[in-house]
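Written below as structure tokens is the structure these notes are about.
The values are calculated or read from the model by the stated rules, or taken from the named source; none is laboratory data. Quick caveat: nothing in here was measured; it's all calculated off a predicted structure. Note: ideal-geometry Cβ built from the backbone for every residue, glycine included; neighbour counts use all protein chains shown. The accessibility values were calculated without ligands, DNA or RNA, using every heavy atom of the protein model including side chains. Shrake-Rupley method; radii C 1.70, N 1.55, O 1.52, S 1.80 Å.
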Amino acid sequence: MGEGFNCIEGTVDSVIYQNEENGYTVLRLDVGGEEPVTVVGCIPGVAPGETLAAQGVWTHHAAYGEQFKAEVARRSMPVGEKAVFDYLASGAVRGIGISTARRIVEEFGAEALEVLEHTPEKLAVIKGLTKKRAESMAEAFRLQMGMRRLLDFLAAHDLPPQLGMPLYRCFGDRALEKVEANPYLLAGGELAIPFSQADKLALELGFADDHPQRLEAGVAFVLEHNLDNGHAFLPRQKLLQAAMTLLGVSDPEAVEDALGRLIDQGKVIRETVAGEDACYLAEYRDAEVHVAQRVAAMSGNELCPPEDLNQLIDRMEREQGITYAPQQRLAVETAARYQIMLLTGGPGTGKTTSLKGILSLFESLGLKTALAAPTGRAAKRMGELCGMEGVTIHRLLETHFDTQTGALVFAHNERDPLEVSAVIVDETSMVDIILMSALLSGLREDCRLVLVGDPDQLPSVGAGNLLSDLIRSGTVPMVRLTEVFRQAAQSAIIRSAHQVNQGVVPELRNGSGQDVFFLRRPDPLAAEETIVELVSRRLPEKMGIPSHQIQVLSPTRRYDGGTASLNRAVQAAVNPPAEGKGERKFGPYTFRRGDRVMQVKNNYDIMWRTADGLEAGMGVFNGDIGHIQEVDNRRELVTVDFEGRLVEYAPDMLGELEPAYAVTVHKSQGSEYRAVILTALDTAPRLLTRGVLYTAITRARELLVIVGDEAVVAKMTANNRQAKRYSGLRARLAEGGGL
């Protein structure tokens, strides 16, 4: 253990709180003093009477005083009649209560647990216990012992105890057996620990460097890891070379054989696509093929438009009090003629007007239409602009996790499609290949689909290059809006966005517009001080923009000018600690009432409710931003308000939150803010790109302030390098969606 760690040992006196999903526990431990001490940590299934040895640190809880935060906990079964009775009487074993525990211990004494696990038929001598009930209690006890042995195994190998619950969900009482047989299953799926940790465990268990399972796991891990780099597949030679480097293996034939076995098992699919010898994880190849086939079929389905289409559009113009520009009118006509279409364009080109026209058309045709977007903020903004509710794609498809397998499940699919006639999706550049496949699976065969997006924004975080592939295939009916309207052109924000898109450095001198300002601060410390002053004082006082409507963006999390440092500095200025203002520390963060926070992973099982209690639902998603409404240290709950949806976070769930005074440009996709402050400081070249700058500029609605070095802005504008993404969708579409 690291410096500052302590060890305590004692008998569990009582369990105050336990989360059955992830094992987070609050208990009282009798260490021989006058009062038991409070221990918190991941200790699944612990019960009174057990002996517990824990390593960790002492902390101070605002409401409960001193606590011991256990990083590692090793448990021993109760010893002695009293401890055994306490354990059984606690309800730790399903079917055994206080009276039954007393009778069992009176009959068998300290050997009661041994009898329960190995010779439960002996319990039948106790009056009132049938053989069937005894076997049922024994089975429950054996299941619990399976979890205990699994946790002891994880602790012995310095693996996080948080792995215990998902392992048990996936494999039940065979979890330990499964892990010992193949430690590399820990590096995939829901568990996803670093490959190096799974590899270390395997080597400790005696696996050789060239063990077939090790080689197969290394190849699969390289494919899984590169999904986060946007690659739907990897060329075979690149895959083999990366796997050899990861595994430290010099024999290419051994790695090739491992790839061959994965192909034989159906886990990897190899085929020639887009001129590459491509290797896919099976799920991603299936998703890509499905998208290609469905999009190709929809693209070829030309509809019969209403005979009076022109008169219908004329009437829509009169009702809305506008006259569509030629490209906007073409967008409405295209939506009338084709089952699927793309609508693209940069800021100020009239996408919203075109969308409203398409919605009005669908309404006139009697089509029930759903509006969706990849993120909650994008869906809300789309709904506000169009005058009807927008939802996330996940919520539209009613997404949840299968608690048994940990797999993502979409309630709406081919067997139970959505009851809508048309779907309009905004911010399509953010949609990855798996989500697109799920969406298409949830549409009826005759459902119309309008995909809206800006191809110059950053691509999806997940695998694939969906919007770009659809556009470049040339097979999907598309309207590209290019005319910047006069009113929009008066905005320096919009002018700057289009200048950057064309490779022209935007005008940075102050006075170029009333909504774009540049403050030269090449020194990172000076830049940070200026940003804090802008958020906390200058913009609220001089421009009437409150701090909570200002979003700081940075290309990077770390380094100078990164979001980690900026969040600490802005929080200290706009929401400092105060008496009576609840706060709670978790990891590197202090969460305080009033803080702006972001959910950083999809959680499909967390419940939300509205403040009036009239509505409730499930799910908070990666990128959702809210503010902390309350920190209740007595109940150990942090309540976050996500724009009207209240979510309560127990201590073990706080790892899903991060401060959001400053966020990365990638995390800001799909959002729009009244005011944006962008840091422009030197950092990793791969982050200083035209796409990052363009995306950041287009997040600002009323005001953009760039703080930093004009040379960095020029470097970003000039750098139009786009990281290559391996995807076969464009090629499949060009071939008519065929395999």
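Hey, what angle do you get for helix 492-501 against the long axis of the chain, alpha-carbon based, 0 to 90 degrees rounded to 10?
In the chain, helix 492-501 runs at an angle near 80 degrees to the longest axis.
Quick one: which residues, 5 or more positions from residue 678 or on another chain, have an amide H under 5 Å from its amide H? H modelled 1.01 Å from N in the peptide plane, none for Pro or chain starts.
Excluding prolines and chain starts, which carry no amide H, the hits are 553, 705, 706, 707.
Skipping prolines and chain starts, which residues have an amide H placed within reach, meaning under 5 Å, of the one on residue 71, given they are 5 or more residues away or on another chain?
55, 56, 57
In Å², and per residue, what accessible area does the chain have when probed at 1.4 Å with the other protein chains present?
44
Let me know the charge dipole size of the chain about its Cα centre in debye, to the nearest 20, where only the beta-carbon of Lys, Arg (+1) and Asp, Glu (-1) is charged.
Result for the chain is approximately 1640 debye, rounded to the nearest 20.
When averaged across all projection directions, what area in nm² does the alpha-carbon convex hull of the stretch 529-568 cover?
2.8
Order the following by accessible area, largest value first: 410, 586, 233. Probe radius 1.4 Å; ligands, DNA and RNA are ignored.
586, 410, 233
Using only the Cα atoms of the stretch 498-623, what are the Rg and Dmax in Å?
Calculated on Cα positions, Rg and Dmax stand at 18.4, 52 Å.
First select every other residue whose beta carbon is under 13 angstrom from the beta carbon of residue 106; then total the charges, Lys and Arg +1, Asp and Glu -1.
+1
Using θ = phi - 60° and the Karplus relation 6.51 cos²θ - 1.76 cosθ + 1.60, list the HN-Hα couplings for the stretch 463-475 in order, rounded to whole Hz, with x at every Gly or Pro.
Result, rounded to whole Hz: 6, x, 9, 4, 4, 4, 5, 4, 5, 6, 5, x, 9.
Let me know the shape class of the stretch 353-424, please: from the alpha-carbon gyration tensor, a ≥ b ≥ c as square roots of the eigenvalues, rounded when a/c is under 1.5, otherwise prolate if a/b is greater than b/c, or oblate.
Because a/c hits 1.5 or more and a/b fails to exceed b/c, the stretch 353-424 counts as oblate.
Note down the net charge around residue 74, summing +1 for each Lys or Arg and -1 for each Asp or Glu among other residues with Cβ under 14 Å from its Cβ.
Summing Lys and Arg as +1 and Asp and Glu as -1 gives -2.
Hey, if you put +1 on the Cβ of every Lys and Arg and -1 on every Asp and Glu Cβ in the chain, which of 230, 622, 344 ends up farthest toward the positive end of that dipole?
344
For the stretch 228-339, report the translational diffusion coefficient in µm²/s to the nearest whole number, using Stokes-Einstein at 4 °C, 1.567 mPa s, and a Kirkwood Rh over Cα pairs.
It diffuses with D of about 71 µm²/s by this estimate.
Compare the Cα positions of 321, 462, 726 along the charge dipole of the chain (+1 at Cβ of Lys, Arg; -1 at Cβ of Asp, Glu; about the Cα centre) and return the one farthest towards the positive end.
With unit charges placed on the Cβ atoms, the residue in question is 321.
Normalised by the empirical 2.2 N^0.38 Å for globular proteins, what value does the Cα Rg of the stretch 166-211 take?
Normalised Rg, Cα atoms only: 1.11.
Taking residue 368 as the anchor, which aspartates and glutamates have their alpha carbon closer than 14 Å to its alpha carbon, excluding any fewer than eight residues away along the same chain?
Reachable aspartates and glutamates: 389, 419, 446.
Among the aspartates and glutamates, which have Cα under 18 Å from the Cα of residue 715 when same-chain residues fewer than 8 positions away are ignored?
Here the aspartates and glutamates satisfying the reach criterion relative to residue 715 are 456, 507, 523, 560, 682.
Pairs of alpha-carbon atoms within less than 8 angstrom and 6+ residues apart define the contacts here; what relative contact order does the chain have, in percent?
10
Expressed as a rounded percentage, what relative contact order does the stretch 133-184 have, with Cα pairs under 8 Å and six or more residues apart?
35
State the Kirkwood hydrodynamic radius of the chain in Å, one decimal place, computed from all pairs of distinct Cα atoms.
Hydrodynamic radius (Kirkwood, Cα pairs) of the chain is 29.1 Å.
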